[in-house]
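Asker: Have a look at the structure that comes next, please.
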Amino acid sequence: MTKVLIAGGGVGGLALAQALRKAGVPVEVFERDAEADDWLLGYRIHVNRHGGQALRRCLPEPLWEAFVATAGRPGAGLTFHTEQLTELLHVEEELMTGGSPDGHHAVSRIALRRLLLTDLNVHFGRTFERYSHNDDGTVTAHFTDGSTAVGDVLIGADGANSTVRGQLLPDAKRVDTAVHGVAGRLPLTDETRSWLPDRVKNGLSIVLPTDDEFFFSAVFDGRRRTADALAAGTHLVDEEMLDNVSDYLLWAFATRHSPADGVAPLIRDWHPTLQRMVAETDPATVHTMRFKTSAPVTPWPTTRVTLLGDAIHNMTPVMGLGANTALRDAALLAHQLTAVHHGAPLLDALAEYERRMLAYGFEAVTTSRDRAYEFTSPNPIAKRAMRAWLRLCAAIPPMKRAAFGDKWTDDTAGLPPVTAPSR
Ligand SMILES: Cc1cc2nc3c(=O)[nH]c(=O)nc-3n(C[C@H](O)[C@H](O)[C@H](O)COP(=O)(O)OP(=O)(O)OC[C@H]3O[C@@H](n4cnc5c(N)ncnc54)[C@H](O)[C@@H]3O)c2cc1C
């Protein structure tokens, strides 16, 4: 028997806990927040094919069905525009997901968290402080309230400012990218839908001006699907979940210079529709952030303590890969820990997890950081070249497929299948 302790009950930690519970592996989650819903800003998460496939592996079937039933499905793909809303390139949904039913769900964080918490043993209000290794090979987690817990493995799933990482890898750092972000939510109502362009109100959109700015928007329209699921009596979908999902368009603006006076003065010469999207956004939903990213980490000697999600590979929000990568970690790590539960050597299994996770995790960190820099490049020639390249992709379908086609790979490929030993 292998007992797993997880510090942090966010997207990755809870998905891992669900997967371990499903596999019959004893698991306890320790979450700093006192309440189940003290969670983030309520922005939606865009689950891509990697994240969707991983989540499907982690969840028991009824939870996956409830997730699919409540998530919005942006159907109109991704469109690149100039700041005058001239279309540069449209990438079809089908091309990005490879037609997989696991890809592209736009889910409310609160609804996702509620689903992920179902039937789990989560200790709220327990802030992880440090760990110690015991002579019998077990690990003790120490909490700020003086309490402790003992397990065979400790997983640091405690987010971007991870305390577990601070002890395990004191040299691993997050660095400032010097890119500023501002995000807001425009409600999707009959009125706003009447003036939003089709591509914008039905899918993902990126606006690339020639200066050091860029603008992104994504639709979250899960309310009707959630209402239908509720009306159909779908297991686990309740009234409270419906309260948490209104339809809206998330927009995000990023720039290399400080948007101290807000976004409006910076987009005065943009298309009036883009200006209106910002002007009609409730200021209470607008948040400013400075993008940070994990610095590269060199592999370390594997111990009974490991890391998952933002705790090891924190990335900028550009490309929406953070939660998806945390979900990949959860599915892969669950596979490895289940194998250990059935007799595989623990340190070998964790070492293989760390090897694979560091490879795809830091590839995502690099992609997100590089796109953040490219999209906000202060060099107008570079921005014009990018726009010309997008136009070329629009004109040459094989080029578009090569650049934007689904690149899904199975993270557990080549690993021995997990089977319980015969007794
Ligand atoms: C504006 C914005 C939009 C985003 N959009 C997307 C998107 O569309 N798609 C996508 O894939 N990603 C997106 N991301 C990134 C995504 O939110 C994160 O990558 C993801 O939440 C990471 O999951 P995690 O489980 O590693 O950490 P988190 O979800 O941050 O969870 C960490 C948990 O650990 C707890 N914790 C922290 N310290 C302690 C402690 N000492 N003891 C106990 N518990 C502790 C926290 O309370 C939290 O519950 C976005 C991020 C931002 C900021």
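Asker: Here are some conditions: (1) out of contact with any Lys or Arg (no Cβ under 9 Å at 6 or more places or on another chain); (2) of a type in the set (Lys, Arg); (3) within 11 Å of the ligand (Cβ to nearest atom). Lys292 meets all but one. Which one does it not meet?
Answerer: Among (1) out of contact with any Lys or Arg (no Cβ under 9 Å at 6 or more places or on another chain); (2) of a type in the set (Lys, Arg); (3) within 11 Å of the ligand (Cβ to nearest atom), Lys292 violates only (1).
Asker: Mind checking whether some residue in the stretch 247-267 is surrounded by 14 or more Cβ atoms within 10 Å (Cβ to Cβ), under 30 Å from Arg355 (Cα atoms) and among the hydroxyl-bearing types (Ser, Thr, Tyr)?
Answerer: No, because not a single residue in the stretch 247-267 is surrounded by 14 or more Cβ atoms within 10 Å (Cβ to Cβ), under 30 Å from Arg355 (Cα atoms) and among the hydroxyl-bearing types (Ser, Thr, Tyr).
Asker: Here's something else I'd like to know. Looking at Phe124, Phe67, which one is within 21 Å of the chain's Cα centre (by Cα) and either of a type in the set (Phe, Trp, Tyr) or surrounded by fewer than 17 Cβ atoms within 10 Å (Cβ to Cβ) (or both)?
Answerer: That would be Phe67, the only listed residue that is within 21 Å of the chain's Cα centre (by Cα) and either of a type in the set (Phe, Trp, Tyr) or surrounded by fewer than 17 Cβ atoms within 10 Å (Cβ to Cβ) (or both).
Asker: Condition check: of a type outside the set (A, V, I, L, M, F, W, C) and within 14 Å of the ligand (Cβ to nearest atom). Does Gly166 satisfy that? Full working, then the answer.
Answerer: Values: of a type outside the set (A, V, I, L, M, F, W, C): yes; within 14 Å of the ligand (Cβ to nearest atom): yes.
Answer is yes for this residue.
Asker: On to the next question. Got a sec? Which helices (runs of 4 or more DSSP H) wholly within the stretch 305-423 have at least 1 residues that are away from the ligand (no atom under 16 Å from the Cβ), without any contact (Cβ under 8 Å) to a residue 40 or more places away in the chain and over 15 Å from the mean Cα position of the chain (by Cα)?
Answerer: Passing ranges, in order: 346-375, 380-395, 397-404.
Asker: Among the numbered conditions (1) more than 16 Å from the ligand (Cβ to nearest atom); (2) part of a strand (DSSP E or B), tell me where Thr177 comes up short.
Answerer: Here Thr177 meets the rest and fails (1).
Asker: Looking at (1) over 22 Å from Arg57 (Cα atoms); (2) buried (at least 22 other Cβ atoms within 10 Å of the Cβ); (3) of a type in the set (S, T, N, Q), which is the only condition Thr306 fails?
Answerer: (1)
Asker: Which residues, taken from the stretch 176-214, are within 21 Å of the chain's Cα centre (by Cα) and surrounded by fewer than 16 Cβ atoms within 10 Å (Cβ to Cβ)?
Answerer: Asp176
Asker: Also: Restricting the search to the stretch 1-21, which residues are part of a loop (DSSP other than H, G, I, E, B) and near the ligand (Cβ under 6 Å from one of its atoms)?
Answerer: Once the filter is applied, which keeps residues that are part of a loop (DSSP other than H, G, I, E, B) and near the ligand (Cβ under 6 Å from one of its atoms), the stretch 1-21 yields Gly8, Gly9, Gly10.
Asker: Let me ask something else about it. Scanning the stretch 210-242 for residues that are more than 16 Å from the ligand (Cβ to nearest atom) and of a type in the set (Val, Ile, Thr), which turns out nearest to Ala252 (Cα to Cα)? Reasoning before the result, please.
Answerer: Step one: of the stretch 210-242, the residues more than 16 Å from the ligand (Cβ to nearest atom) are 210-213, 223-242.
Retained after the next criterion (residues that are of a type in the set (Val, Ile, Thr)): 210, 226, 234, 237.
On the way: Thr210: 17, Thr226: 25, Thr234: 33, Val237: 30 Å.
The qualifying residue nearest to Ala252 (Cα to Cα) is Thr210.
Asker: Among helices (runs of 4 or more DSSP H) lying entirely in the stretch 215-281, which contain 3 or more residues that are closer than 20 Å to Asp198 by Cα and modelled with pLDDT of 95 or more?
Answerer: Qualifying helices (runs of 4 or more DSSP H): 272-279.
Asker: Checking the conditions here, which among Leu204, Leu188 is within 16 Å of the ligand (Cβ to nearest atom) and either under 22 Å from Thr316 (Cβ atoms) or not basic (Lys, Arg) (or both)?
Answerer: Answer to the check: Leu204.
Asker: Now for a separate question. In this structure, is Lys173 at pLDDT 90 or above, basic (Lys, Arg) and crowded, with 19+ Cβ neighbours inside 10 Å? Spell out how you get there, then give the answer.
Answerer: Values: at pLDDT 90 or above: yes; basic (Lys, Arg): yes; crowded, with 19+ Cβ neighbours inside 10 Å: no.
So Lys173 does not fit the description; no.
Asker: Another question, then. Do the conditions hold for Asp145, that is, is it part of a loop (DSSP other than H, G, I, E, B), without any contact (Cβ under 8 Å) to a residue 24 or more places away in the chain and within 14 Å of the ligand (Cβ to nearest atom)? Please lay out each step first, then the result.
Answerer: Values: part of a loop (DSSP other than H, G, I, E, B): yes; without any contact (Cβ under 8 Å) to a residue 24 or more places away in the chain: yes; within 14 Å of the ligand (Cβ to nearest atom): yes.
Spelling it out, Asp145 is indeed part of a loop (DSSP other than H, G, I, E, B), without any contact (Cβ under 8 Å) to a residue 24 or more places away in the chain and within 14 Å of the ligand (Cβ to nearest atom).
Asker: Then there is this: Identify all residues within the stretch 268-291 that are within 23 Å of the chain's Cα centre (by Cα) and crowded, with 19+ Cβ neighbours inside 10 Å; write none if there are none.
Answerer: Phe291
Asker: Collect the residues in the stretch 264-305 that are more than 30 Å from Asp348 (Cβ to Cβ) and among the charged types (D, E, K, R), keeping them in residue-number order.
Answerer: Arg268, Asp269, Arg276, Glu280, Asp282, Arg290, Lys292
The values are calculated or read from the model by the stated rules, or taken from the named source; none is laboratory data. Values in this document were obtained by computation on a predicted structure and should not be read as measured data. Because the Cβ atoms are built from the backbone with ideal geometry, glycine has one as well, and the counts that use them run over all protein chains shown.
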